[in-house]
Structures are given as structure tokens and as C-alpha cells.
Amino acid sequence: MLNIFARASVSRVTDPIGAGLVRLGLTPNAVTVLGTACAIAGALWLFPTGHLLAGTFVVWGFAMFDLLDGAMARALGGGTRFGAVLDATCDRLADGALLCGITWYLFDTGNRVTAVAALICLVLAQVVSYIKARAEASGLDADGGLVERAERLIITLVGTGLSGLGVPYAVEVSLWLVAAGSVITVGQRLLAVRRSAAVPAEENAR
């Protein structure tokens with residue numbers, strides 16, 4: 001949903017920054033790997049140790065690198081196929097580290113019920129992404145859905161940030177919202193694939 005409505009507005013901000021980074025000699029792939037490594041390190045260090053507010057800002061900050069590598073690729077005239085695979089792989093690693101860090105924190109604090117929600121979010125995040133990847137490999141369409149990566153990150157990090165500020169049940173509410181939304185998104189993407197598969201191959205190729 002956010003990908004549809006916010007992409008053009010965000011690009012107006014990130015494209016000049018991306019062009020500037022290219023002029024400095026950086027590459028999109030280097031920015032992708034750097035942002036992912038720092039996001040993983042922050043998530044697995046700060047969340048398990050209970051630094052929820054700091055973890056929120058660190059992961060959010062480095063997650064923004066995902067916007068810059070795309071802007072840099074556009075500044076260079078377009079991305080490469082390897083860059084697209086690297087970017088998708090790094091996204092999965094960062095998302096997994098975030099939810100692992102939160103799950104670790106929840107188990108350490110004895111909040112096992114919410115830890116289950118975090119594990120559900122972890123699994124479904126991979127499934128949502130896999131459905132799209134597998135569908136595209138088969139020449140089918142599986143775009144869209146209620147909560148894609150941007151929505152999952154925003155809702156999850158708002159929950160951890162508010163919890164770090166002392167707001168009760170913020171993490172619990174955010175994770176169960178993401179879990180419920182992810183279940184819906186899995187269903188939506190499977191239905192999209194089914195509809196796409198029912199269309200003649202010539203039309204899907206257009």
C-alpha cells in the first residue's frame with residue numbers, strides 16, 4: 001500500500017542524495033550491504049538487551065539505506081540483476097534479524113505469548129516475499145497486499161519505539177497487528193497468483 005502511494009514522493013527526496021553518493025564513488029551494492037550489516041548488528045545487540053528506543057532508531061536509520069541504493073541505481077541508469085537479488089536477500093536478512101532480536105527480548109522478559117506473535121511475523125514475512133518471488137519466476141503476478149515490507153517495518157518499529165518510551169502493550173499490539181495483516185497478505189497474494197494463472201500466458205507476458 002505504501003509502495004503505491006509514497007514511492008514518487010520519497011524518490012524526489014532520495015534521488016538527489018543517491019546521485020551525490022554516486023559522485024562520491026560509492027556503489028549501490030556497497031550501500032546495500034553496509035546498511036544491512038549495521039541494521040542486523042543493531043537489531044541483535046540493542047533489542048535483546050532491552051534498548052528498545054535505541055534499537056528502533058538504529059534499525060530505522062539503516063533501513064533507510066534501502067531507499068538510497070535504489071536512488072543510486074537510478075542515478076547510474078538502472079540497477080543490475082545481481083543488485084536486485086542482493087537487495088532482496090539483504091531485505092530478508094534485516095527483517096529476520098529485527099524479529100529475532102525482538103523475539104529474544106520477549107523471551108528474556110517472560111512475554112512468551114507475544115514472542116509467539118513475533119515468530120509468526122518472522123515466518124509470514126518470508127512467506128509473503130517468497131510467494132511474489134516464486135510467482136514472478138513462473139511468469140505470474142503476485143504484487144500488492146495489505147502489509148508489505150514497508151508497512152511491516154513501520155508498524156513493528158512504532159511498537160518498539162513506543163514501548164521504549166514506556167507506552168504499555170505497544171509491542172504486543174504492533175506485533176499482533178503485523179501478524180494478522182501478514183496472514184491477510186498471504187491470502188491476497190495467493191489469490192492474485194490464482195487470478196494471474198487463469199489468464200492466458202500471452203496476456204501475462206504483455
Show me the helices of the chain, taken as full DSSP H stretches, that run 18 Å or more along their long axis by Cα and average 0.5 or above in Kyte-Doolittle hydropathy.
2-23, 28-46, 81-108, 112-137, 149-164, 170-198
How high is the relative contact order of the chain, in percent, with contacts defined as C-alpha pairs under 8 Å that are six or more residues apart?
23
Among V183, V147, V85, determine the one that fluctuates most according to a GNM of the chain built with springs between C-alpha atoms less than 10 Å apart.
V85
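Order 188-200, 110-122 from most to least packed using the mean count of other Cβ atoms within 10 Å. The partial results should precede the final answer.
Values: 188-200: 14.4, 110-122: 18.0.
Descending mean neighbour count gives 110-122, 188-200.
Per DSSP H run of n ≥ 4, the term is -39500 (n - 2.57); total these for the chain, divide by its residue number, and report the mean residue ellipticity at 222 nm rounded to 500 deg cm²/dmol.
On the way: 9 runs with 167 residues, N = 206.
Roughly -27500 deg cm²/dmol at 222 nm, from the helical runs in the chain.
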Which of these, G25, G101, G79, has the largest mean-square fluctuation under a Gaussian network model of the chain (Cα springs below 10 Å)?
G25
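Run the dipole for the chain about the Cα centre, Lys and Arg Cβ at +1, Asp and Glu Cβ at -1, nothing else charged, and hand back the magnitude in debye, nearest 20. Kindly include the intermediate steps, with their values, before the conclusion.
Numbers: 15 positive and 15 negative charges, 35 e Å.
The calculation lands at about 160 debye.
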Just the number please: accessible area per residue for the chain, 1.4 Å probe, all protein chains included, in Å².
54
Under 1.5 on a/c is rounded, so check that first for the stretch 121-192, then, if it is not, pick prolate when a/b is larger than b/c and oblate when it is not; a ≥ b ≥ c are the square roots of the alpha carbon gyration tensor eigenvalues.
prolate
If you consider only alpha-carbon coordinates, what radius of gyration and Dmax does the chain have, in Å?
17.9, 55
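For the stretch 6-198, which whole percent of the accessible surface, found with a 1.4 angstrom probe, sits on carbon and sulfur atoms?
Numbers: 6980 of 9870 Å².
Answer for the stretch 6-198 is 71 percent, counting heavy atoms of protein chains only.
The values are calculated or read from the model by the stated rules, or taken from the named source; none is laboratory data. Computed from a predicted structure; not experimentally measured. With ideal geometry, Cβ positions are generated from the backbone for all residues, glycine too; neighbour counts draw on all protein chains shown. Remember, those area values only see protein heavy atoms, side chains included, never the ligands or the DNA or RNA. Shrake-Rupley method; radii C 1.70, N 1.55, O 1.52, S 1.80 Å.
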